[in-house]
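Encoded as C-alpha cells, the structure appears first; notes follow it.
The values are calculated or read from the model by the stated rules, or taken from the named source; none is laboratory data. Predicted model only: the values in this text are computed from it and were never measured. In this analysis, Cβ positions are derived from the backbone assuming ideal geometry, glycine residues included, and neighbour counts consider all displayed protein chains.
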Amino acid sequence: MTRVFLGCAAALLLLAACSRGPGEDVLRREVQEQLTRQVKPGLLELASLHRRGSSPLPAAGGTRRIIVYYNATLRLLEDYDFGGWETLSPASLAYAMGATVKGMFGIKPQNRAGDLVHVYGSASYEWSGVGWTRVAAVPSDVTAVSVIGNTAPPSRSKTLVDALDAMVDRPPPGVDPTEDKIISEELGRAEESIRRRLDRRKHIYTFASGPRGGEYARFGTAILDTMKKAGVTVTLRNFETEGSVQNAWLLFRGDADYALIQSDVAAHAVAGDDQFARGGPLATLRALGSLFPEPVHIVVAAGSSIHDITDLHGKRVDIGLPSSGTQYDAVAVLEAYGLRANDLGEVKQGGFAAALAHLRAGTLDALFITTGAPNRRLQELSARNEIRVLPLRHSSIEHLVAQHPGLVRIVLPVNTYPGQAEAIPTVAAAALLVTTNDAPDTEVERVLACVFTQLDFQAAGSAEGSKVSRRTALQGITIPMHQGASRYFGSAAAPPTGAGP
C-alpha cells in the first residue's frame, strides 16, 4: 500500500511539474541564450531571474501550451546607444524577453556599461510529449488609451444661426441634394474650425497622429500623456487618417494644431508638388523637430523567390494607402529600380493590415510599409519565419537620397527582427512634429519642452520615443522651422537641408 501511495505521489509531482513548465534553472539558461542570439552578443548578461508562475495558452489541435512569467535583471556589458537611429530599438529587446516596452525599466537613450535593466518578461512553451519546447509568441499589447473628446461646444451668434436655419428649413420639396451637400460640407468645416479655435484659447490642442493602433497613434498618445502630466490640458482627436498626406491637409485647413508627418511628404506639401500640385503649396506648415526614423520596409514571404526589387516586375504588390507616406516611398523606390506601377502584375492599395493578410494567404507577393523599426506585427511574423525584409542596393539608396528630399540612408542592424542574421540597408523618412506658422511661440516652446525633455515613452508603450533626442532633432528637416522651435534649439536650428543622420 505504501509503495502504491509513493508511486501515485511521484506521478502527481511529475504531472504538476509538467503542468507548470520548465524550472527556473532552465528558464535562466534559455533567457541568456535569447539575449545572445536575438539581441547582440556580448551586450547584456542575465544578472538575476526569478520565476513568477505560469498559465495555459490556447493552442490549435489540442497541443498543450503555457506561458511562464519571470522577473529578470540584465546588466549591460558595454555602452549602448538605444537612442541611435541605426541601433537596436528597445522593442527588439522587449520582444526577445517576451515583454512590452512598459515592462522594462532602466533603458535610456544612452546606456553605460554596468547599467541595470529590470524586465517583467515571459516565455511560451509547447509540450512535445517528453518535454517542453520554447515557441515564438508575442506579448499582449498595451490597451489603447481612450480618445478624449472635445469639451468646448461650438458657440454661434443667433443671427448667423437664424440665417443658416432659413437656408435649410424650407417648405416641400425642401433643399435639393446638391445644395444640401454643399451646405453640410461648409457647416462641418465651420464647426470644426470654431471648436478648434475655442479649444486653443483654453490650451487644448488637437493632435493628428495616425490610424488607431499604429506607431503614429501610439507615439501621439505618449506626447499627449506627457503634456497632461506637465499640466497642459490636451485632447487627442484621432482622425484615423490614412497617413502623412492627410495629416498635412488637416494642419493646413486648420483642423489640427499639431501633427506627425513624414519628412519627404512634408517637403512635397510645402513645395506644392506631387500629390499637392492641384491644391498649391501648403506654405503655412512649420517643423518643430525631427523625432525618429521610419525605414522603408519591402516585405515578402520567407520562402519567396523575390530577393531584389527588380523581381517585383509582374508581381502582386501593395504599395500603401493612397494618402499615405508609404505610397510616396513605394513609388520612389520602384522608380529608383527603373520600375513603374504599371510594370507590376497587380497594384493593391489596401494598407498594411490588409496587405499582411493577403501576403500570408498567398494572394499577394510583396508589400511596402514605411514604419518605425521594429514594427510589432513584423516582429511576430519574422519570429515564425513567415516573412523577410528586402535590402536596397547601395546605388539605389544613393539615387533615392539625392532625388527625394527627406529620405536618408539607414541600416536595420542585425536582430532588428527575430532571426535577422544580416544588416538590411534601406532608406528612411524622419517623422517630423509639425504645426503651422500661426502657432504662438510660447505654446510651441512648451510643447517642445514636453517632447524633448519630459517624454515618458516607456509609460505609454512607445518604443519610438527612445529615439527622440535633441541631438537628432534637426536631422532630416525638410521644411522651414517654426520661429519658436528655432529659438528653442538655438543657433543649431539652421534652414532645412534634408541631411540624414
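So here's what we get for this one:
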read-out	value
Members of region 300-317 found to be β-branched (V, I, T), touching a helix residue (DSSP H, G or I) at 6+ places or on another chain (Cβ under 7 Å) and not in a loop (DSSP other than H, G, I, E, B), listed by number	I309
Candidates I319, I309, I298 - the one that is of a type in the set (V, I, T) and surrounded by fewer than 22 Cβ atoms within 10 Å (Cβ to Cβ)	I309
Subset of region 380-393 (residues that are within 25 Å of G465 (Cβ to Cβ) and either surrounded by fewer than 21 Cβ atoms within 10 Å (Cβ to Cβ) or over 20 Å from the mean Cα position of the chain (by Cα) (or both))	E380, A383
Unique match (being over 20 Å from A428 (Cβ atoms) and in the same structural domain as Q379 (by TED's automatic domain parsing)) among G320, G325, G289, G279	G279
Residues of region 379-425 satisfying the condition of being out of contact with any helix residue (DSSP H, G or I) (no Cβ under 8 Å at 6 or more places or on another chain) and among the acidic types (D, E)	E380, E398, E422
Residue that is nearest to A259 (Cα to Cα) [pool: residues in region 318-346 that are among the charged types (D, E, K, R) and not in a helix (DSSP H, G or I)]	D318
Which listed residue is crowded, with 16+ Cβ neighbours inside 10 Å and more than 17 Å from A330 (Cβ to Cβ), from V451, V401	V451
Evaluation of D141 against (1) modelled with pLDDT of 55 or more; (2) closer than 26 Å to T416 by Cβ (one fails), failing number	(1)
A256, sole failed condition from (1) more than 30 Å from A421 (Cβ to Cβ); (2) at pLDDT below 95; (3) part of a strand (DSSP E or B)	(3)
Among the residues listed as E445, E464, the single one being over 17 Å from F292 (Cα atoms) and touching a Phe, Trp or Tyr at 6+ places or on another chain (Cβ under 6 Å)	E445
G289 vs. criteria buried (at least 17 other Cβ atoms within 10 Å of the Cβ) and assigned to a loop (DSSP other than H, G, I, E, B)	no
Region 193-223, subset within 19 Å of T442 (Cβ to Cβ) and crowded, with 19+ Cβ neighbours inside 10 Å, residue modelled with the lowest pLDDT	D199
Filtered residues of region 203-222 (kept if farther than 19 Å from R376 by Cβ and touching a Leu at 6+ places or on another chain (Cβ under 7 Å))	F207, A208
